[in-house]
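In what follows, a single structure is set out as structure tokens and then discussed.
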Amino acid sequence: MRDRWYYHKEDEYSAKTKDKLQKLYLDSVGSICALMLGVPPMKDGSFSEMDYQILMAFGKSQRQTYNYKVSCTAEFSASSSLSEEFSVNNLTNSDENKTWKPAKDDLQPEIVITFKEKDMFDRVLMMEHIENGQHVEEYELYVDNGDGKFKRIEKGGVIGYKRIHKIAPIEVKRVKIKITSYRGELEMQEITLY
């Protein structure tokens with residue numbers, strides 16, 4: 001939150017803004033890391049009013065950003081599922097123990113999210129079921145803006161506990177996530193568009 005460990009009135013210039021905290025969140029939590037804010041307490045154990053206001057604004061912004069799940073009304077389909085127990089529909093389930101696994105012979109599994117009507121989003125959140133390890137090594141994100149053709153917009157490596165891609169707001173009919181390389185038994189816990 002600030003440049004030093006302890007609160008000093010003269011350090012207020014170094015306090016991170018709400019926007020800087022949002023970028024830190026995407027660069028850390030959105031990239032499989034933890035975010036340590038390091039908010040320095042004053043001598044009486046409380047936090048400065050300025051730090052408090054910045055943190056309140058950051059929290060409000062996070063709740064607004066991640067409140068509405070654009071994909072909650074969409075239909076999910078997959079190139080395969082290991083069994084009914086590991087259905088692709090588990091990716092929208094709030095129970096973290098319900099997961100999707102592709103069939104063992106599906107070496108480049110795909111998940112397609114289809115909207116009834118075009119919809120807009122600017123973040124893609126993906127989570128592996130980390131209790132069973134990290135398996136994804138490479139993936140690609142595609143969008144179909146209604147013409148029936150997928151266009152690749154992003155590619156990445158590890159997904160792990162949580163990966164968040166922030167993209168320019170885009171209106172689409174379908175989104176495809178293609179896992180191009182993984183090891184062991186791939187098990188996805190959640191995919192959400194915001």
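Residue-by-condition table, conditions (1) under 20 Å from G30 (Cβ atoms); (2) in contact with a Leu (Cβ under 9 Å, 6 or more places away or on another chain):
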site: N67; (1), (2): yes, no
site: A74; (1), (2): no, yes
site: S79; (1), (2): no, no
site: T99; (1), (2): no, yes
site: H129; (1), (2): yes, no
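Every condition in (1) assigned to a helix (DSSP H, G or I); (2) open to solvent by 40 Å² or more (accessible area, probe 1.4 Å); (3) closer than 15 Å to Q189 by Cα is met by K60 except one, and the failing one is (3).
Being in contact (Cβ under 8 Å) with a residue 12 or more places away in the chain and closer than 24 Å to S94 by Cβ is the filter; apply it to the stretch 19-57 and report the residue that is nearest to the chain's Cα centre (by Cα). The extreme case among them is G30. In summary, strands (runs of 3 or more DSSP E) completely within the stretch 115-194 and bearing 3 or more residues that are open to solvent by less than 30 Å² (accessible area, probe 1.4 Å) occur at 136-144, 163-182, 188-193.
Quick check: anything in the stretch 101-108 in a strand (DSSP E or B), under 19 Å from S79 (Cβ atoms) and not aromatic (F, W, Y)? No; the residues of the stretch 101-108 include none that is in a strand (DSSP E or B), under 19 Å from S79 (Cβ atoms) and not aromatic (F, W, Y). For the stretch 1-32, the candidate set comprises residues that are in contact with a helix residue (DSSP H, G or I) (Cβ under 8 Å, 6 or more places away or on another chain) and surrounded by fewer than 13 Cβ atoms within 10 Å (Cβ to Cβ); within that set, the residue that is nearest to E138 (Cα to Cα) is T17. Does S80 satisfy being part of a helix (DSSP H, G or I) and among the small types (G, A, S)? No: the conditions fail for S80.
The values are calculated or read from the model by the stated rules, or taken from the named source; none is laboratory data. Since this is a predicted model, take the numbers as computed values, not measurements. Cβ atoms come from the backbone with ideal geometry, glycine included; neighbour counts cover every protein chain shown. Surface areas here come from the heavy atoms of the whole protein model, side chains and all, with no ligands, DNA or RNA. Shrake-Rupley method; radii C 1.70, N 1.55, O 1.52, S 1.80 Å.
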